[in-house]
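Asker: Questions regarding the structure given below will be posed in turn.
The values are calculated or read from the model by the stated rules, or taken from the named source; none is laboratory data. Because the structure is a prediction, the values reported are computed rather than measured. Here the Cβ positions follow ideal geometry from the backbone for every residue, glycine too, while neighbour counts run over all protein chains shown.
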Amino acid sequence: MDFRDAWAGFFLFCSFWLVTFCEQDGFLSLSCGGRTSFRDTSNISWVPDTSYITTGKTTTITYSDDSSALNISARFFLNSRRRKCYRIPVNNSTTLVLVRATFLYKNYDGLGKPPKFSASIGTAIAATINLAESDPWSEEFLWTVNKDTLSFCLNAIPKGGSPVISSLEIRPLPQGAYTNGMADFPNKLLRKSYRIDCGHSNGSIRYPLDPFDRIWDADRSFTPFHVATGFKIQLSFKQSSLEEKPPPAILQTGRVLARRNTLTYSLPLDALGDYYIILYFAGILPVFPSFDVLINGELVKSNYTINSSETSALYLTQKGIGSLNITLKSISFCPQINAFEVYKMVDVPSDASSTTVSALQVIQQSTGLDLGWQDDPCLPSPWEKIECEGSLITSLDLSDINLRSISPTFGDLLDLKTLDLHNTLLTGEIQNLDGLQHLEKLNLSFNQLTSIGADLQNLINLQILDLQNNNLMGVVPDSLGELEDLHLLNLENNKLQGPLPQSLNKETLEIRTSGNLCLTFSTTSCDDASFSPPIEAPQVTVVPQKKHNVHNHLAIILGIVGGATLAFILMCISVLIYKTKQQYEASHTSRAEMHMRNWGAAKVFSYKEIKVATRNFKEVIGRGSFGSVYLGKLPDGKLVAVKVRFDKSQLGADSFINEVNLLSKIRHQNLVSLEGFCHERKHQILVYEYLPGGSLADHLYGTNWLDTNLFMSIINLLYHPIMSSNNAINMRVLFFLV
């Protein structure tokens, strides 16, 4: 082997390890409050967050989980009134990113007061974090990239404590993903509610099995786990056209329900809202299942068919729902689903104009101070010294800051209605305000201004103008009288003189002139007029007084008394109805028991005997939508399977009698026989002979898939003897016993 071959081999070796041990391009994992970089068990690199945020304090939180003691770094923010934001650069080629944040308290401060605060992305309040309900707390969002920087912020809530965060992860997602079906919902942020790998029962699946590091949870916690079968089949699929690119590990598992004709996932939701749902299907079985898809009982897709070795998806939206039921209703073969995702759609308000934001940044730089002005000035909460109406900046208060001059950038704040620049060391002429035509209140008091200038005449909506305690000299310009909405003009404690313009002499305008050389509407000369002494004026902005509402205490007292009386009456009626119903059920049940004891076909067990046989219902050997099945042992040593119905699945007394009557007459070598029953008050229990080999479903849908010949042999074994008999047993009984 020559020198070039050696280098080629070395290059291939390095390439292999690079692909194996380096995470996907664009991954960013921040250890909030951390001091060193490290790799986790998934071989993902983590770095400290100090390059992305400059505020907050750090700590290390020690706590124990189920298996070991953990030391987790965290960053917290004391006395936080402002937004505390991470600013993350985003690759321009990326259109959608996954943002995952983890919050941890574990009483790190010894106060025992878990905080409550909100998290925002851009202008949207994405979620409210309440660590008193869950600690740790994890959130995941899908954010459409529209800037070169992602802003992730923590926002304090009054009396909510100090926001705290332990990790922040950014993951680029496939181009065009999570957009199908969203045309009617522009400007939405997606907050993850569920991402489920159907048929997977242990742990979660993420990177590297999912190259985009989405976390797919098992469906063990949901109802279908108890009544359906999970499959995992290693199968190569045809080239998928799904923009979301679900990983093969997810598609190779599925949930299939054969014993009933509907497969339903019941999913609680955090809050009423609009939701985005994606259902994933893959042809992992040698059949072509067809079924209807219903969301909360309404048909959204009819006769949906899964083709073998192919992948497909349904994209659905639901408006104004507080819970979610996903139901697949069989048409042919068995309902099947491989995975699904559910997201809450969060409104993303419009940003403030870029011109306005740039102007404010220039103003902040001119002050030489860090005012905490980052990202959007209005949303999700306004910057300090700013008030907004939606995305429009309508008020700016820079009082007591050394501005020294009004820069031209003030003219770009076109939506301002209130501007307070009192005590900011302004000098010279009033200027650069002529573009603020929406301005209603202007406070330039307690400065060193010397000239009113000509800009003020363009402020056509001005109502209050406060120029007190300056060094204004000369005469008052006649143009101020053209401001039709002006109703307060404060000129106190200046060096103005001469007659006031007659255009200001109107009943709707209050003029304050004390402390000037000579200001009067008189046409006579001011040469003989005495000097008006200055007055001590507080540095305040003139604001109209608000009215306060008066509460009607008598109405409150009457409302409380009336409500309590009504509640007592309703409680008495409820107790009467309940007792009447109990008496009826007791008498009806007794008659049913007398009738059943006369059959002699199946033994009647008391509820006490059932409890003894099952050792107080100790060992569960099966579950279903009807209830649970327990292993029991009769006094003669015979093992039995005891099926106890749930309250919600119980039949009426007559229906239960008919069912027991039918089952007691069935006698066939291939069917489980009924040994007895119990019907006392609300207890409906059936006792069958126990078969230790498991159920038919276990053999049909267990870990070893049956070939076609063996499957058909089992069907023939059951089908022909039953259908040839004279017992008229319908197929519902067959499925019930399976």
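Here's the yes/no breakdown for (1) polar (S, T, N, Q); (2) under 24 Å from Asp210 (Cβ atoms); (3) surrounded by 20 or more Cβ atoms within 10 Å (Cβ to Cβ):
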{"site": "Lys57", "(1), (2), (3)": "no, no, no"}
{"site": "Asn71", "(1), (2), (3)": "yes, no, no"}
{"site": "Leu78", "(1), (2), (3)": "no, no, no"}
{"site": "Thr95", "(1), (2), (3)": "yes, yes, no"}
{"site": "Arg100", "(1), (2), (3)": "no, yes, no"}
{"site": "Phe103", "(1), (2), (3)": "no, yes, yes"}
{"site": "Gly112", "(1), (2), (3)": "no, no, no"}
{"site": "Ile125", "(1), (2), (3)": "no, no, no"}
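Asker: What are the residues in the range 150-185 that are under 19 Å from the mean Cα position of the chain (by Cα) and of a type in the set (D, E, K, R), if any?
Answerer: Of everything in the range 150-185, those that are under 19 Å from the mean Cα position of the chain (by Cα) and of a type in the set (D, E, K, R) turn out to be Glu169, Arg171.
Asker: Given (1) surrounded by fewer than 20 Cβ atoms within 10 Å (Cβ to Cβ); (2) over 29 Å from Phe185 (Cβ atoms), where does Leu131 come up short, assuming only one miss?
Answerer: (1)
Asker: Please go through (1) of a type outside the set (Asp, Glu); (2) in contact (Cβ under 8 Å) with a residue 60 or more places away in the chain; (3) within 30 Å of Thr144 (Cα to Cα) for Ala352 and return the number of the only condition it doesn't satisfy.
Answerer: Unmet condition: (2).
Asker: Would you list the strands (runs of 3 or more DSSP E) that sit entirely within the range 247-343 and hold 1 or more residues that are among the basic types (Lys, Arg), at pLDDT 90 or above and in contact with a Lys or Arg (Cβ under 7 Å, 6 or more places away or on another chain)? Working first, answer last.
Answerer: Values: elements: 253-256, 262-282, 290-295, 298-305, 311-332.
Counting at least 1 such residues, we get no strands (runs of 3 or more DSSP E) at all.
Asker: Looking at the range 323-339, I want the residues that are outside the structural domain of Asn307 (by TED's automatic domain parsing) and have a partner that is at pLDDT 95 or above and surrounded by 20 or more Cβ atoms within 10 Å (Cβ to Cβ) with Cβ atoms under 7 Å, at least 6 apart or on another chain. Which pairs are those?
Answerer: Partner pairs satisfying both residue conditions: none exist.
Asker: Ok, one more. If you check Leu433, Leu426, Leu459, which single one turns out to be touching an Asp or Glu at 6+ places or on another chain (Cβ under 7 Å) and not basic (Lys, Arg)? Talk me through it step by step, then tell me what you get.
Answerer: Numbers: Leu426 fails: touching an Asp or Glu at 6+ places or on another chain (Cβ under 7 Å); Leu459 fails: touching an Asp or Glu at 6+ places or on another chain (Cβ under 7 Å).
Of the residues listed, the single one that is touching an Asp or Glu at 6+ places or on another chain (Cβ under 7 Å) and not basic (Lys, Arg) is Leu433.
Asker: Just need a number here: residues in the range 221-246 that are under 16 Å from Leu209 (Cβ atoms) and either touching a Cys at 6+ places or on another chain (Cβ under 6 Å) or modelled with pLDDT of 90 or more (or both).
Answerer: 3
Asker: Still on this structure, I have one more. Hey, does the range 155-169 have a residue that's among the charged types (D, E, K, R), surrounded by fewer than 17 Cβ atoms within 10 Å (Cβ to Cβ) and in contact with a strand residue (DSSP E or B) (Cβ under 9 Å, 6 or more places away or on another chain)? I'd like the intermediate steps shown before the answer.
Answerer: If we filter the range 155-169 for residues that are among the charged types (D, E, K, R), which is where we start, we get 159, 169.
Applying the additional criterion that residues be surrounded by fewer than 17 Cβ atoms within 10 Å (Cβ to Cβ) yields 159.
Those still in the list that are in contact with a strand residue (DSSP E or B) (Cβ under 9 Å, 6 or more places away or on another chain) too: 159.
Yes, that holds for at least one residue.
Asker: Name the single residue, out of those in the range 183-220 being closer than 13 Å to Glu341 by Cβ and part of a loop (DSSP other than H, G, I, E, B), that is modelled with the lowest pLDDT.
Answerer: Out of the qualifying residues, it is Asp219.
Asker: Can you name every residue in the range 129-144 that is out of contact with any Pro (no Cβ under 9 Å at 6 or more places or on another chain) and not in a loop (DSSP other than H, G, I, E, B)? Even if it seems obvious, please write down each step before you answer.
Answerer: Narrowing the range 129-144 to residues out of contact with any Pro (no Cβ under 9 Å at 6 or more places or on another chain): 134, 136-144.
Answer for the range 129-144, where residues must be out of contact with any Pro (no Cβ under 9 Å at 6 or more places or on another chain) and not in a loop (DSSP other than H, G, I, E, B): Trp137, Ser138, Glu139, Glu140, Phe141, Leu142, Trp143, Thr144.
Asker: So is Leu314 within 25 Å of Gln175 (Cα to Cα) and in contact (Cβ under 8 Å) with a residue 24 or more places away in the chain or not? Working first, answer last.
Answerer: Numbers: within 25 Å of Gln175 (Cα to Cα): yes; in contact (Cβ under 8 Å) with a residue 24 or more places away in the chain: yes.
Answer is yes for this residue.
Asker: Scan the range 89-118 and report the pairs whose first residue is more than 20 Å from Ser29 (Cα to Cα) and whose second residue is among the small types (Gly, Ala, Ser), with Cβ atoms within less than 6 Å and a gap of 6+ or a chain change.
Answerer: Correct list of pairs: Lys113/Gly161; Pro114/Ala132; Pro115/Gly160; Pro115/Gly161; Pro115/Ser162; Lys116/Gly160; Phe117/Ala156; Phe117/Gly160.
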